[in-house]
Amino acid sequence: MPCLRKPYDIIELSLNDSGQITIQIDHNVQNIPTNPNDNTAGLAAMALLNAKKLNTGIHINIIKNMSSGGGMGTTGASAGATIFGLDKLFSLGLSNNELIDFARRGRSLQAGHPMLIMWLPPFWVDLFW
């Protein structure tokens, strides 16, 4: 169930036994990278898996309904939604600060410098808790 009015991106996560992170992007008209090492969602997922010593495969499907690069925060939102979903799938019980930290790691690694993601906790709290 979407939490915002259109347009919005949809992130679907599934676990598997491959031990790898794979990314698929539907409606990828902007050639957004699907290599996990070059994608904010993939980088955030890697940071979480490594930190929590989780040995599993993850498939991330991003259904793009919004253009990237327009200042709407879609890359950071992909990282944040991925971490939020993985927290739920693995029942990790991450705090808001931990959710932000893992999402920030993905966004920072992709950007090449630290990013400030402070709007996520109230956004998530209002929509999901």
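The values are calculated or read from the model by the stated rules, or taken from the named source; none is laboratory data. In this text, all values refer to a predicted model and were calculated from it rather than measured experimentally. Every residue, glycine among them, receives a Cβ derived from its backbone with ideal geometry; neighbour counts consider all protein chains shown. Keep in mind that these areas ignore ligands, DNA and RNA; they rest on the heavy atoms of the full protein, side chains included. Shrake-Rupley method; radii C 1.70, N 1.55, O 1.52, S 1.80 Å.
Among what's in region 39-68 and is of a type in the set (S, T, N, Q) and touching a Leu at 6+ places or on another chain (Cβ under 9 Å), pick the residue that is nearest to residue 100 (Cα to Cα). Taking the candidates together, the pick is 40. Annotation for region 29-38: at least one member residue is in contact with a Ser or Thr (Cβ under 7 Å, 6 or more places away or on another chain), surrounded by 15 or more Cβ atoms within 10 Å (Cβ to Cβ), over 23 Å from residue 99 (Cα atoms) and of a type in the set (A, V, I, L, M).
Counting the residues of region 53-83 that are open to solvent by 10 Å² or more (accessible area, probe 1.4 Å), under 13 Å from residue 106 (Cα atoms) and at pLDDT 90 or above gives 1. The residue of region 19-28 that is farthest from residue 44 (Cα to Cα), among those that are at pLDDT 85 or above and open to solvent by less than 70 Å² (accessible area, probe 1.4 Å), is 26. Could you list, in sequence order, the residues of region 40-52 that are open to solvent by less than 20 Å² (accessible area, probe 1.4 Å) and not hydrophobic (A, V, I, L, M, F, W, C)? Passing the criteria: 40, 42.
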